[in-house]
Amino acid sequence: MSKLIMVEGHEGLARTASGGIVNINKEEINIAKEAKRNRIAKEEEFETLKQDVEDIKTLLHNLVEKL
């Protein structure tokens, strides 16, 4: 990794040689990764629930048609 220059007034942030700002605080990075995993899991659960509701609607529609 190239040399990083600490950003004044922002502990845990550093500037790369290309001028980009990166977070070098491992704890914050891990918290952000966990939050992303949780968000993705919730999104997947929501999509599953949406599909389940759609399946139930289809089953009910088919049941009503047979009556």
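Each reported figure results from applying straightforward, stated rules to the coordinates on display, with no laboratory input. Values in this document were obtained by computation on a predicted structure and should not be read as measured data. All Cβ positions, glycine included, derive from the backbone under ideal geometry; neighbour counts span all protein chains shown.
Inspection of segment 25-46 identifies no residue that is part of a loop (DSSP other than H, G, I, E, B), free of Cβ contacts under 8 Å to residues at least 24 places away in the same chain and on the phi > 0 side of the Ramachandran plot. Residues of segment 33-67 that are surrounded by 10 or more Cβ atoms within 10 Å (Cβ to Cβ), over 23 Å from Asn23 (Cβ atoms) and basic (Lys, Arg): Lys42, Lys50, Lys57. Count of segment 18-67 residues, restricted to those that are farther than 30 Å from Met6 by Cβ and among the small types (Gly, Ala, Ser), is 1.
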